[in-house]
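The values are calculated or read from the model by the stated rules, or taken from the named source; none is laboratory data. Worth saying up front: this structure is predicted, and the values here are computed from it rather than measured. Here the Cβ positions follow ideal geometry from the backbone for every residue, glycine too, while neighbour counts run over all protein chains shown. These accessible areas exclude ligands, DNA and RNA; they are computed on the full protein's heavy atoms, side chains included. Shrake-Rupley method; radii C 1.70, N 1.55, O 1.52, S 1.80 Å.
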Amino acid sequence: MARRRAGALAERIAALLAQAPGPLGGLELVERLREGGDPAAPSLVFRALRQLVDAGKVQKLLLARGYLLREDGDQPLYLHCTHCGAILVAPGEAVRAAVEAAAGRAGFRAHRIFAELPGCCSDCAGERA
């Protein structure tokens with residue numbers, strides 16, 4: 001029963017992340033689950049998030065302090081506007097290839113590659129010009 005509940009919780013979290021316009025923090029997810037009539041202890045939510053991250057279904061963004069749903073096999077760049085907080089997603093194949101090559105030259109094999117880049121989105125750059 002507990003395993004089924006953990007799987008159901010992870011599915012519900014993935015659904016909430018899919019509906020969100022941007023990254024959601026763990027405690028925001030706890031609150032949204034509660035509001036949706038599916039309360040869960042923060043420890044269970046964070047455990048489910050860790051499982052989703054480990055499975056490659058969710059990306060934890062350090063700069064935005066939240067989680068985003070990932071597309072299957074997707075390894076994009078996450079562009080974080082430090083002015084307005086927007087998160088833009090860009091293809092990351094070239095960066096992934098460069099990182100894999102550099103790691104390989106050092107005799108290292110990465111399990112997962114992701115990049116968050118802080119900067120300024122085009123809207124904010126236009127306002128600042």
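Here are the numbers:
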item	result
Peptides 55-62, 111-118, 39-46 ordered by average Cβ neighbours within 10 Å, highest first	55-62, 39-46, 111-118
In range of the label at Glu127: residues from segment 73-98 whose backbone nitrogen is under 19 Å from the point 7 Å along Cα→Cβ	79-89
Per residue, in Å², the accessible surface of the chain once ligands and nucleic acids are set aside, probe 1.4 Å	65
Longest to shortest principal axis, alpha-carbon extents of the chain, angstrom	47, 44, 20
Percent antiparallel among DSSP beta bridges (both partners in the chain, rounded to 5)	65
Chain lengthening between Leu63 and Glu93 when straightened (0.36 nm per residue, less Cα-Cα)	8.7 nm
